[in-house]
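Worksheet: one structure, shown below.
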Amino acid sequence: MNPSTSGAVPTWLLQRLEAAGGAVPFRTYMEWVLHDPLHGAYGAGRLRIGPAGDFATAPSLGPDFAALLAPQLADWLQALAAAAPGPLALVETGPGEGSLALQLAEALAAGWPQLAERLELVLVEPNAGMAERQRALLQACPLPCRWLSFAELAAAPVRGVMLAHEVLDALAVERITWDGALWRQQVVALHEGADGEPSLRLEPGAPLEPDAAAQLDPLGLLPPSPQRPPGWSTELHPGLAPWLAEAAAALTAGQLLVIDYALEAWRYYAPQRSNGTLMAYRGQQASDDPLGDPGAWDLTAHLCIESVDGAAAASGWQLLGQARQGEALLALGLAERLHGLQQGNATELATLLARREALLRLVDPRALGEFRWLAYGRAVPLEAPRFSREPGPSATG
């Protein structure tokens with residue numbers, strides 16, 4: 001990871017850093033450059049999702065991902081419908097361009113029309129720029145739609161299923177670094193270059209507070225290991241606990257499905273992973289420099305599965321099951337869908353080949369196949385989802 005960026009520091013960021021004394025924790029910087037409503041990559045609606053945009057997601061590759069996911073969501077929603085009368089909700093958090101929400105609504109309305117009569121689509125989108133694009137796309141949605149904040153949902157919780165697809169990896173992370181004696185918070189600091197122009201630099205900050213340092217033990221970061229030399233750096237995920245608490249407050253009963261890049265703690269914090277997982281994306285290009293062109297790049301860090309599980313349990317979620325995306329989609333019928341494409345009309349060969357390539361990309365471990373599906377429930381039976389053979393940690397694989 002580059003220690004500094006050679007690009008200009010935008011005026012808005014320069015002013016904020018100067019007001020903060022010249023340096024802020026990395027978590028603060030990441031929150032600013034992603035979610036500031038005027039200058040953030042998401043907050044201002046600057047990033048574009050899709051094969052022709054800044055980065056591609058599973059739903060941006062076509063409707064097959066939603067078609068495979070829909071039966072699992074229908075299972076959960078039908079069980080809730082049978083348990084009690086009243087309306088149900090499919091809640092998508094951080095819906096991106098709105099493609100997955102629309103595709104799932106269409107699949108559920110077509111495949112489960114009686115269920116769809118009780119169903120509404122609720123979108124939790126904190127960034128106004130992204131919400132504007134979602135509203136335009138979802139004008140033709142077959143389900144009634146509402147845009148609400150977590151706070152608004154907590155005031156009138158719903159029963160239903162909540163989906164977090166590539167959402168939690170955009171929560172601001174805390175960067176920490178080992179200096180040979182202490183774990184320190186990593187900060188983004190202003191520096192004056194040789195030409196007199198300001199630049200940004202990642203550097204060690206204050207030692208971790210005792211409460212924060214105590215969280216390192218279950219992650220395998222205590223006691224210090226000689227395999228981690230001075231300068232070894234990684235991420236912590238302080239945003240998980242408040243997010244999962246807000247998600248729990250939004251549902252009186254239902255399931256939460258998290259789909260994201262995630263690693264077990266022993267892999268995430270392995271000594272050889274000396275710079276964590278933080279990456280920047282723009283224009284289908286990846287960079288290991290999180291300080292370049294602030295507000296114009298997506299910043300993302302993998303999740304630690306144990307951190308998600310612990311924060312979920314603390315908020316009252318029960319673990320239902322876990323799987324890698326490749327395993328999950330195969331359990332939901334991907335092989336049959338691929339076989340069906342072979343029976344298609346030869347006049348649609350180009351379309352069929354494109355769909356086949358997209359489906360294979362979803363399960364390719366070098367592409368999206370290593371995503372993890374993590375399912376949790378509140379006030380529902382502790383039953384494994386159909387994509388996971390067993391409930392609980394044994395489904396991790």
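The values are calculated or read from the model by the stated rules, or taken from the named source; none is laboratory data. Since the structure is predicted, the reported quantities are computational estimates derived from the model, not experimental observations. Cβ placement follows ideal geometry from the backbone for every residue including glycine, while neighbour counts extend to all protein chains displayed.
Things to note:
- Lone qualifier among Leu219, Leu244 - being touching a helix residue (DSSP H, G or I) at 6+ places or on another chain (Cβ under 6 Å) and under 16 Å from Thr277 (Cβ atoms): Leu219
- Among the residues of the range 87-114, those identified as part of a helix (DSSP H, G or I) and buried (at least 18 other Cβ atoms within 10 Å of the Cβ) are Ser99, Leu100, Ala101, Leu102, Gln103, Leu104, Ala105, Glu106, Ala107, Leu108.
- Applying a threshold of 7 Å to beta carbon distances and a minimum spacing of six or more residues, or different chains, the list of pairs starting in the range 308-327 at a residue that is within 14 Å of Arg378 (Cα to Cα) and ending at one that is of a type in the set (Phe, Trp, Tyr) reads Ala312/Tyr376; Trp317/Tyr376; Gln318/Tyr376; Leu319/Tyr376; Leu320/Tyr376.
Conditions tested, residue by residue: (1) modelled with pLDDT of 95 or more; (2) acidic (Asp, Glu); (3) within 22 Å of Ala241 (Cβ to Cβ).
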| residue | (1), (2), (3) |
| --- | --- |
| Gln114 | yes, no, no |
| Leu123 | yes, no, no |
| Ala136 | yes, no, no |
| Phe150 | yes, no, yes |
| Leu153 | yes, no, yes |
| Gly160 | yes, no, no |
| Glu166 | no, yes, yes |
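- Residue within the range 264-275 that is at positive phi and out of contact with any Pro (no Cβ under 7 Å at 6 or more places or on another chain) present: no
- The range 281-295 - residue that is among the charged types (D, E, K, R) and under 27 Å from Asp179 (Cα atoms) and, of those, surrounded by the most Cβ atoms within 10 Å (Cβ to Cβ): Asp289
- Annotation: of all residues in the range 293-312 being part of a loop (DSSP other than H, G, I, E, B) and in contact with a strand residue (DSSP E or B) (Cβ under 7 Å, 6 or more places away or on another chain), the one that is farthest from Trp232 (Cα to Cα) is Ala296.
- Out of Pro271, Pro290, sole residue that is over 19 Å from the mean Cα position of the chain (by Cα) and within 30 Å of Pro224 (Cβ to Cβ): Pro271
- Qualifying position, being of a type outside the set (D, E, K, R) and in contact with a His (Cβ under 7 Å, 6 or more places away or on another chain), among Gly86, Gly43, Gly62, Gly50: Gly43
- With respect to the conditions (1) outside any loop (DSSP other than H, G, I, E, B); (2) touching a helix residue (DSSP H, G or I) at 6+ places or on another chain (Cβ under 9 Å), Leu80 lacks only one, and its number is (2).
- Set side by side, the residues Leu163, Leu143, Leu137, Leu123 differ, and just one is touching a residue at least 12 places away in the same chain (Cβ under 8 Å), part of a loop (DSSP other than H, G, I, E, B) and surrounded by 14 or more Cβ atoms within 10 Å (Cβ to Cβ), which is Leu143.
- Residues in the range 19-30 that are surrounded by fewer than 19 Cβ atoms within 10 Å (Cβ to Cβ) and part of a helix (DSSP H, G or I): Ala19, Thr28.
- The single condition among (1) within 19 Å of the chain's Cα centre (by Cα); (2) under 16 Å from Ala328 (Cβ atoms) that Asp54 does not meet is (2).
- Test: residue in the range 157-172 that is among the β-branched types (Val, Ile, Thr), under 18 Å from Leu104 (Cβ atoms) and touching a Leu at 6+ places or on another chain (Cβ under 8 Å): yes
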